[in-house]
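Data first, discussion second: the structure below is written as structure tokens.
The values are calculated or read from the model by the stated rules, or taken from the named source; none is laboratory data. If you're wondering where the values come from, they're calculated on a predicted model, not measured in any experiment. What goes into the accessible areas is simple: the full protein's heavy atoms, side chains included, and nothing from ligands, DNA or RNA. Shrake-Rupley method; radii C 1.70, N 1.55, O 1.52, S 1.80 Å.
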Amino acid sequence: MSHSASGTGRSSTVASPAAQSGNTTRFGRPLARVFLRAAGITALVCWAVLLVWASFGTGASSGSSGAYMIIGTVGSVLLVAVVIATAATHAGLRTIIGALFAAVFAAVAGWAVYSSMPEAGPGQFITHRAGVAALAYVFGVIGGGLLALSEFVVEGYSGGRAPAPRQLRRKVAVLATAIVVMLAAALAPAMQLWAELANQDVFVGDAAATGGATDPGLDSLADLAGVGRFTDTPYGLLRTDHPVEPTPQAVTMLDPATGAAVWFHRRWNWHSSQPPVLSQAQDLVALTGPRADNNGDFQTRVLATRDGEVAGTADFDGSPGVLLAVADDRLLYTKDKSETFSVYDFGGGLQWEAAMPDGCEGTAAQLAGGRALVLADCVPAPDRSVARDLVLAFDLDDGAAAWQQEIDQDAVVVPESFLVTEDAIVLDSRIEHRVSDGPFSARRFEHQLIAYAISDGAERWRVAGQTFGSTNSSACGGTLHLSQPTAANASGVTAGGESKAQVPVSERRTVQIIECFSAKDREGSWLGVMAYDADTGERLYRKAVRLGFTPLDPEVARGWAAVLPDNRAMLAADLSLDPNRPDCRLYEIAEGQASEVALAAESADGTPIPANWCHEAQLSPVGTGAAVSFVSEDGTRGIAVVE
């Protein structure tokens, strides 16, 4: 059978390539209009949403939170609503005018927010709220521009506005909306991160990278240091840069020999809720506190003491308590009036919690030897008839109770005399005896030194009945010092990061009590030292130097003494009995022999050393000698180094 050539044959529904190309060309501009219109409206909505979130949802408690922020938010939301309603009902010129007005308004408002952002520094910072608000106005500019542009991509005659198929229009609109929403979702936290970085002032001492940054004049915040004391470290003196209330997380490591900054780390939008905390090995320092513009955000930033590099940042929803100790990837906090404590890792993850015995509060703690070691002050309880101090040890991995030791019921251990080495606890269990009554009653402190093994709590040695003499000042209770707080004394660092030679140390580690007491044979007082072998408790020597008046402030009494790695004790003293006519001296006690040490007339940076330098002195072991910090005439702290 033959087929007719003129027959209709099989029909085909497949369009020719030419026809497909024509359809694409025909729908190109309408689809572009759909894309721009959807993206523009979505960006305007993101403007309003981000601005409302910046104003009311970021938890900010300070900063850009005044009337202007509220007016801008209300005005922006109303303007976005008007523009979207206009675009939905009046295509063409009205939409173009409304969209351009919104873009101009957002640009002006965004510039106002950006220009009002302060230069980060003491007492001022860029808030997360301001950063997100600036981003919101950027979306307003983009949204208004895209919406106005969408009205220009088609011809004015009706044929040019022929719509594309509905399903295709929906897909393009969804794509445009998704792109804008994802941008907003990604850029909002990015702006918060930008605000964090903009509020930071970080320098790590690296001579090769920083060139002239080793100049002592680099640190422009020297005059902001006030009279706050330094934190002693093996790598220099750690200074709190702006010790006011509230104190920002701003610290600088100073090279005592030159006064130059070895490194600094300053976060002006985070407050310090407590002084810096050093690890037992003194290789880590932790700064902890809430964000300045949102007390609900709490962080602990852990830095390497040697160079200031960030070792970890733990984030918390609200305060985890008071930070007591830090170690490798572990942070120990106490809360609920020190009746409970918790251990977190550097990421803020809770590892374990433990409760103190009934009636006990933690007063000091340290992490060492795989143990969390806590000094507890305990009042009478059902299982304890009298008040006394306890030493508790917990396994650092799981919080299981390892051991505990009870201190004599009449004795007290102050936190400053609770010392921890790599494998032992050395403490001063002291008893205060009243010698006379009255407003200026005399007292005598009886010391009992005890050493416990960290692993099992076994008593290694005990030395009881150690006394200096009577005193009328409660500030003269005595302070315990270790000549070598860490196993291997760390090498120092000069400004710029150049390593110094390792500091020579004595083969014998000593523990020394330093206390002031009244002189019996004359007016004035004595500042005495008793030194013991840290391994055996053997008493090595006792020596004292003359004082004029007895310190009344415990901080002053503690600041007048330092024990160096070679076992020398450095002592500051005022021989005068008249505070207005000081006679400040510096002494060295080595192997039981005292000698006066000359102090230069000015520090390394040229700051004159005042005559009353000892009244607010802080002595610190540095290298092969000691650093003497003092309050200069302008109210800042200067440093002088003696060998």
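Need the full-extension length gain, Lys337 to Glu538, defined as separation in residues times 0.36 nm minus the C-alpha distance. One decimal, nm. Before the final figure, lay out the partial values.
Working: separation 201, 0.36 × 201 = 72.36 nm, distance 3.81 nm.
Net length gain for the segment: 68.5 nm.
Using a 1.4 angstrom probe and counting only protein chains, how large is the accessible area of Ser473 in Å², to 10?
Counting only protein heavy atoms, Ser473 exposes about 10 Å² to solvent.
Just to make sure I understand: if all protein chains stay in place, what is the order of Glu515, Glu555 by accessible area at 1.4 Å, largest first?
Result, largest first: Glu555, Glu515.
May I ask you to rank Tyr333, Tyr235, Tyr68 by accessible area, largest first, using a 1.4 Å probe over the protein chains only? Present the calculation step by step, with values, prior to reporting the outcome.
Values: Tyr333 0, Tyr235 35, Tyr68 205 Å².
Largest to smallest exposure gives the sequence Tyr68, Tyr235, Tyr333.
Taking only the alpha-carbon atoms of the stretch 241-280, what semi-axes of the equivalent ellipsoid follow from 5 times the gyration tensor eigenvalues under a square root, in whole Å, largest first?
Working: eigenvalues 80, 34, 16 Å².
Calculated on Cα positions only, the semi-axes equal 20, 13, 9 Å.
Quote the accessible area belonging to Asp315 in square angstrom, nearest 10, computed with a 1.4 Å probe and with ligands, DNA and RNA left uncounted.
90
Which order do you get for Lys337, Lys543 if you rank them by accessible area with a 1.4 Å probe, largest at the top?
Details: Lys337 160, Lys543 70 Å².
These residues rank, largest area first, as Lys337, Lys543.
Kirkwood Rh, Cα Rg: Rg to Rh for the stretch 331-460? Walk me through the numbers before you get to the answer.
Working: Rg = 16.0 Å, Rh = 15.6 Å.
In the stretch 331-460, Rg relative to Rh is 1.02.
Residue by residue through the stretch 458-467, which ³J(HN,Hα) values in whole Hz follow from phi under the Karplus form 6.51 cos²θ - 1.76 cosθ + 1.60 (θ = phi - 60°), with glycine and proline marked x?
5, 6, 8, 6, 8, 10, 10, x, 8, 9
Taking H as built 1.01 Å from N, whose amide H comes closer than 5 Å to the amide H of Ala292, not counting residues under 5 places away?
The list, which skips near neighbours in sequence, is Trp270, His271.
Just read off the accessible area of Met182 with the full protein assembly in place, 1.4 Å probe, to the nearest 10 Å².
120
Could you work out the Rg to Rh ratio of the stretch 510-601, with Rh taken as the Kirkwood radius (inverse of the mean 1/r over all Cα pairs)?
Working: Rg = 13.4 Å, Rh = 13.7 Å.
Dividing the radius of gyration by the Kirkwood radius yields 0.98.
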